[in-house]
Structures are given as C-alpha cells and as structure tokens.
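In what follows, a single structure is set out as structure tokens and then discussed.
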Amino acid sequence: MSEIYRTEIVESFVFDRLGPARVERYKIMNAFDKIPLKFSKLPDIDLSKGLSIAYSRSKTRQMMGVTDANFLGNVHGGVIMRLVDESAAIVAMRHAHRNVVTARVERFDFIAPAYLGNVVTIDCEMSFVGRTSMEVAVEVTAEDLITDEIRKVASSQVIYVALDEQGRPTPVPPLVPADEEEAAKIEIARIRRERIKHLTEEMAKIRQDLSMNDKSSAQ
C-alpha cells in the first residue's frame, strides 16, 4: 500500500468519524504532526556561556521485565545498549539545548550480566565537548532489590552531534568545569580523545599503504 493511499484512507476515516468541523482540530492535536513544528524554530543559546558537567548529568532507572531478558533470565545486551543511548541522549540534549543524533559509540564494555527483575541504573555525564559534538560517559549498574546487591554491568562513551532546524550540525556551548574534580575528568577525556585521533590517523595511513601495495602487486 502506497504512503499516499494510506494517508487518504486515514483522512477519510477521520473525516467520517469527526465530521468536517473537527478535522482541522484533529490535525492540530495529532502528536506526530507536532514533531517537525517542535524543531522548526529553536531558542537562541549563548555559546559564550559554558556549562558544567553537573548541569546536564542524568540518572535513569528501569526494572527489567520478561521482554528484556532471554530464556535464562539474562538481560539482552541490546536492551542495555538502547537504554544507554536513550539516557546519554538526555545529557547531550540538555547541554546543547538542541536535538541530537548518535554519531558513534566510542566503546561499549559489558562487565557482568543483569538479570530479570533487576533494576538497571544508567548514570550519564558529559565528559568532553567539541564544536558540534559531545562525548557522554556512561556507567550501568544492576540492583537486586531482594538482596541489595549492586553490580557494575557495563560502561560506555557515546558521541552525539547537535542539529539545527535544518538537521545540520550546529555549535554547542563549551564544557566548563565547576570544580577540580570536573576539571580532571575533562582533561582525562581530552587526552583520551587525542590518543584516539592519533590512532585513527595511523590506522588510516596503514590501510592506505596496504592498498597501494596491493595495487602494485596486481600490476
């Protein structure tokens, strides 16, 4: 069924059920129609005013149900990854005051399993900010409400890019430490990102050299 034909059926159904006087009201109330309007005009932000790590820090909790786990009662890794992405995006959006997209998962380490019935907690905080990109550090724990046992089950660093009204990358406020502890976290993240950048450049050069060698051998 084509999208146009499906839309015509929906509009016809709404018209028959609500009548001509209420069709326009229905369209205004439709939540999905409001999504493009929400980001069509974004508020101005002061890029000269830096924000601290504490400003955007976020904590999300969710109890793991039957649909989150396999037949052994272990929570699916994909469920944890989705929770991490959604929770870390809160931090990025709060810092940028803009819509964001996931650009890259820098790393994702599974340390221990979470089980059916555990309460999974996602602790997220900003660790590094570029011009349009933001790195969010994530720590995941699982709590057994019966025994009070709390285990660290995963950690990750997720990169987001802020978007303007046209869906293009847009500048975000700088990350400014509120105290010495935040300053240390930002410096550690800066050093790590420099090393990752250097390693990426080295790997790109190696791939280029190997490609040139393969072409020379083929000739």
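No lab work stands behind these numbers, since they all come straight from the coordinates. Model, not experiment: these values are computed from the prediction. Ideal geometry is used to build each Cβ from the backbone, glycine not excepted, and the neighbour counts take in all protein chains shown.
Using alpha carbons only, the radius of gyration of the range 78-168 set against its Kirkwood radius gives Rg/Rh = 1.05. Taking only C-alpha pairs under 8 Å that are 6+ residues apart, what is the relative contact order of the range 84-219 in percent? About 24 percent, as a whole number.
Mean projected area of the Cα convex hull of the range 148-219, taken over all directions, amounts to 10.8 nm².
The loop-placed GluC sites (Glu not before Pro) in the range 113-196, going by DSSP, that have at most 15 neighbouring Cβ atoms within 10 Å of their Cβ come out as E149, E165. Amide H to amide H distances under 5 Å link E106 with Q157, V158, I159, where only residues 5 or more positions off or on other chains count and H is placed in the peptide plane. Residue separation of I188 and E149 scaled by 0.36 nm, minus their Cα-Cα distance, works out to 11.0 nm of gained length.
Pairs over the 26 Å Cα-Cα cut-off, from the set K59/K185; K41/K197; K152/K205; K152/K185: K41/K197; K152/K205.
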